[in-house]
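First up is the structure itself, then whatever we jot down about it.
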Amino acid sequence: MEILLLIIGLLLFVALVVVHEFGHFIMARRNGVKVEEFGVGFPPKAMTLKIDKQGTEFTLNWLPLGGFVRLKGEHDSDTEKGSFGASSFSAKTKIILAGVVMNLFTAWVLLTLLAVIGIPKLPLPGGENQFTVASDTRVLSNKVFVGYVEPNGPAEKAGVKLGDELIGYNCSFTDKKPQQLDCSNGVEIANADELRPTTEALLSDGAGSLNVVVRRDGAYMLLPAYPRSIDEVRATEEANRVCISEPVDIDRDCPQIKGYLGIVSYDYTIQRSTWSAPIVGAGLIAQYSRLTYSALGSSIANLFQGNGAEASDNVSGPIGIFVVLKEGASFGPSYILLIVALLSLTLAIMNTLPIPALDGGKLAVMLIFRAMRKKLTPKTEERIHGSGFMLLMVLFVLITIVDVRRFF
């Protein structure tokens, strides 16, 4: 099932680029510009699917990285009838921005659909809450997952692994239904905030060991663990509090707060809306757009300050996307759809940036030369966008290297 969801997620990602190009295609035709080719994937060409009555060749290409449209007379200075260059400035602007609009619309449709069927609640920077309409939102489910396992800690010694779903303590298997749990004599963990107080309460009652119940790959597991004592944890926390309050010029290695089991957990919440779903979709687009532009601004600032590591924290390439989709497949279809929706929004945002070779860069170059009242010659245009394309390829390679180091 997870492999199937991963494949579907990758196909949907490719489809997002095709949708983007379809926006250019439709708007070009509406403004009388001939589309010479609509390609799915990038050359070399694998086959021609058909040639329609208006002379557009629909092709399938070998590199499955998205798609493209080839317009007649794509230089801004072309004058032949039916060419992009011969169109009005208004028409050119509409054609350039149509891809962005299509990706925004796709993101809104997907987010609205998810709000109706159940949308995952993602952790946001600074503890910000994901946008919703409180009066029309209810929680469908909440699962607790292991987000960190302390090396050689009690949980790791017991066999707990990163990504396990935490069910509770001291539950047992029923006799009638294998792999079905009976927690009537145990304790279930309903949310991540309950983990510490629940563990502490059991230890206060004299428990020296606990059967940690997790679900992994669809199967329940009982893992005997020996948590740290309450006195040990509190002593460690107090030592750490005193240590970090000392002057910063003292060379020291403060003891870390490790907790009872040595794990960090997080909630995976699915929440649902009804009448407010379209509003939630639009609100999420506004919220994630703001966060994305803020992250991009932070990356650029760090880059100019020479903080390369910090600059790379907010960017990712195809490998990073693959890893996110692969890990997200275990959370089910809703999570994959959410990632695809956010990727569609990201494509829209990236194409608004004034970077040559991207849609925003093409529009920016046209505006600059129009403001200067200078003619944009084919040679100048090719130099500008060619340089921008080379810059993007360099960034692509660098981001790929960062992704490889980050995930492998």
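Please name which of V17, A192, A219 has its Cα lying farthest along the dipole of the chain towards the positive end, using unit charges on Cβ (Lys, Arg +1; Asp, Glu -1) and the Cα centre as origin.
V17
Want the number for F389 to C183: 0.36 nm per residue separation, take away the alpha-carbon distance, what's left?
68.3 nm
Extension gain V397-L63, at 0.36 nm per residue separation less the Cα-Cα distance, in nm?
Full-extension gain reported as 118.6 nm.
Estimate the FRET efficiency between K45 and Q287 by the formula 1/(1 + (r/R0)^6), using the beta-carbon distance for r and 45 Å for R0, to the nearest 0.05.
That gives a FRET efficiency of 0.65.
What nm value, rounded to one decimal, do you get for the distance between N191 and W275 when each label is placed 7 Å out toward the C-beta?
Modelled inter-label distance: 2.6 nm.
Projected onto the charge dipole of the chain (+1 at Lys/Arg Cβ, -1 at Asp/Glu Cβ, origin at the Cα centre), which of A46, V280, L104 gives the Cα projection farthest towards the positive end?
A46
For the chain, count the residues as N, evaluate 2.2 N^0.38 Å, and divide the Cα radius of gyration by that value, please. Kindly include the intermediate steps, with their values, before the conclusion.
Details: Rg = 26.8 Å, N = 408, 2.2 N^0.38 = 21.6 Å.
In units of the globular-protein estimate, the chain measures up at 1.24.
For R215 and E80, what is the calculated FRET efficiency with R₀ set at 41 Å and r taken between the beta-carbons, to the nearest 0.05? Don't skip to the answer; put the middle values down first.
Working: r = 64 Å, r/R0 = 1.56.
Rounded to the nearest 0.05, the efficiency is 0.05.
Taking the Cα centre as origin and putting +1 on Lys and Arg beta-carbons and -1 on Asp and Glu beta-carbons, what dipole magnitude results for region 31-71, to the nearest 20 debye?
40 debye
Could you give the length gained on full extension between A295 and T137, defined as 0.36 nm per residue of separation minus the Cα-Cα distance, in nm?
Once the chain is fully extended between A295 and T137, it gains 54.1 nm.
Every number here is computed from the coordinates shown, using simple stated rules; none is lab data. Predicted model, so just to flag it, every value in this text is computed and none were measured. Cβ: placed from backbone, ideal geometry, glycine included. Neighbour counts: every protein chain shown.
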